[in-house]
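Undergrad: I'd like to ask some things about the structure below.
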Amino acid sequence: MTLCRLQDHLQACQFESLRCSNAGCSEILLRKDLQEHLRISCSYRMEPCHYCKHPYTCCQLEEHERYTCPEVEIKCPNKCSQMIKRCMLEDHADQCPEVQTDCVYKKYGCSVRERRAQVQVHEKTALNHHILLVLGSNTKLETLMEILQQEVLLRHKELQERSRQVSGLEEVVRPLAQQVSRCDNTLSAVQRSLEDQRDHISSVQLQLEELSSVFGPGVAREELGQIRASLDALRQQVSVTEGLKDHLGELKETYMRHSRLLSIHTAQLECNEEHFRELESTSYDGKLIWKLRDYRKRKEAGARGQGLCLSSAPFHTGRSGYKMAARAYLNGDGAGRDTHLSLYVVLMRGDFDPLLPWPFRQPVSLSVLDQSGTNNHLTMSFKPDPENTSFHRPGSAAATASAPTNVASGFQCFASHAQLETPKNAIYVRDDTLFVKVKVDTSGLEDL
């Protein structure tokens, strides 16, 4: 071989040692053996999975097919004898007859927990027992409703009594305010008179000094007597004026005391009214129907940055369940601002939080109801993420320790304004009113 051809030969020499080009492989082979190694024997060559067709290295393929491939059929882990694709296991668990599940009447007190097939038989054969449980639960609810109605009546009577007290205080304060106003006018007039009398006394004293210097100490004795009498009368007038000033101060204190009492009663009345409204509108079955009036006016106010967030009355998942509320941004929030309706739910601090399981895990659905009668409701649902602090116990996080609610969760782009206001087969806004429904899946929750 000539020297001029040596360089070309070295570029193609079949006996040159080369490293395998597959990532992870450290084999060094002769050029003549490299293609066969890459095509047949290299453990790091890429091959498609027989089931899902995704490429994997040969050394990973067997482990992928055995443990992770979603298209591989495996035996049901609950031993129902069916072969199920790994990606369908979760859906199969919702139907598998061998899965342990609770009776649907658990929330009414049924304690049966068996395989799904046995529970289905139990639900068909134990109707009488279930009817008794439902009747018992209904009786408890009726008793609670009677207690609530009595409490509402009592609060209403208290509210009326507070209103009468406030009206009475207003009647008492009104004449006092008028009297104080009159006393202020009288005091101003007396003070002006007092200043005039003081000026007059000073003038008389100067005239007396001039008389004394002109006529001597014994000449104007009669004039001096008259002057002394005038001075005594002026002193009496000054004394009366001081007494009126003290009386005015007492009247002012009385007026301020009654004003403070009126403020206290007014604040208590407002608190009672708010509590009364909450008692009237709250529910205990995990459902909320929220009527939003003045839709267009409130939406336009949101566009101007006024009243962006609207909050519903609280509702509960049970008599001793989670306390929640709905929130709406009619002009949108975040990514939905100016284009969409945004809907959220928020967990609130409740009386029974120490007894409830946390974090909150119940699925929640939000709906805008169709008012045309065709039931074309707009509905979106979500399942809480246990890692999200929005579903932890309110007040448990350092950032929200003093807050009565958690951060709200839901949908920034629930429905576009066009979809709400000009739908094809539904009516969502009628008489400038929108209805929002919140439903919490309470299955699995036990009544305390």
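Undergrad: Arrange the following residues from fewest to most other Cβ atoms within 10 Å of their Cβ: Asp94, Asp353. Before the final figure, lay out each step's value.
TA: On the way: Asp94 9, Asp353 16.
Fewest-to-most Cβ neighbours within 10 Å comes out as Asp94, Asp353.
Undergrad: A further question on this structure: Mind sorting out which of (i) 23.3; (ii) 32.5; (iii) 25.2 is the real Kirkwood radius over Cα pairs in Å computed from the coordinates?
TA: After the calculation, the listed value that fits is (ii).
Undergrad: Which length gain, in nm to one decimal place, applies between Ser26 and Thr139 when the Cα-Cα distance is subtracted from 0.36 nm times their residue separation?
TA: 32.9 nm
Undergrad: Quick check on the exposure proxy: order Asp294, Asp333 from fewest to most C-beta atoms within 10 angstrom.
TA: Least to most surrounded, the residues fall as Asp294, Asp333.
Undergrad: Picking from His316, Val119, Tyr428, whose Cα lies most toward the positive end of the charge dipole for the chain (charges on Cβ: Lys, Arg +1; Asp, Glu -1)?
TA: My answer, from the dipole projection, is Val119.
Undergrad: OK, next. Going by how many other beta carbons lie within 10 Å of each one, how would you line up Ser202, Ser259, fewest first? Could you put the intermediate results ahead of the total?
TA: Values: Ser202 10, Ser259 14.
Ranking Ser202, Ser259 by Cβ neighbours within 10 Å, fewest first, gives Ser202, Ser259.
Undergrad: For every other residue with a beta carbon closer than 15 angstrom to the beta carbon of Pro70, add +1 if it is Lys or Arg and -1 if Asp or Glu, then tell me the sum.
TA: Around Pro70, the charge tally is -2.
Undergrad: Evaluate the relative contact order of the chain (contact order divided by residue number), counting alpha-carbon pairs under 8 angstrom at least 6 apart; express in whole percent.
TA: Numbers: 569 pairs, mean separation 45.4, N = 448.
Relative contact order, the chain: 10 percent.
Undergrad: Checking the cross-link filter: which aspartates and glutamates have an alpha carbon closer than 16 Å to that of Lys107, excluding same-chain neighbours under 8 positions apart?
TA: Partners found: Glu123, Asp285, Asp441, Glu446, Asp447.
Undergrad: Further question on the same structure: Ignoring everything except DSSP H segments at least 4 long, calculate the 222 nm mean residue ellipticity for the chain; use -39,500 (n - 2.57) per segment, divide by total residues, nearest 500. Write out the running numbers ahead of the final one.
TA: On the way: 9 runs with 201 residues, N = 448.
Calculated mean residue ellipticity at 222 nm is -15500 deg cm²/dmol.
Undergrad: If you don't mind, another one. Treating only the Cβ atoms of Lys and Arg (+1) and Asp and Glu (-1) as charged, compute the dipole magnitude of the stretch 304-448 about its Cα centre; round to the nearest 20 debye. Numbers along the way, then the final one.
TA: Numbers: 13 positive and 13 negative charges, 15 e Å.
Using Cβ point charges on Lys, Arg, Asp and Glu, the stretch 304-448 gives about 80 debye.
Undergrad: What net charge is computed for the residues neighbouring Phe352, neighbours being all others with C-beta under 13 Å from the C-beta of Phe352, Lys and Arg scored +1, Asp and Glu -1? Spell out each step's value before the answer.
TA: Values: positive: Arg319, Lys323, Arg349, Arg393; negative: Asp351, Asp353, Glu446, Asp447.
Taking every Cβ under 13 Å from that of Phe352, the sum is 0.
Read-outs throughout are calculated quantities, based only on the coordinates presented, and are distinct from any laboratory measurement. Quick caveat: nothing in here was measured; it's all calculated off a predicted structure. FYI the Cβ positions are ideal-geometry reconstructions off the backbone, even for glycines, and counts take in every protein chain you see.
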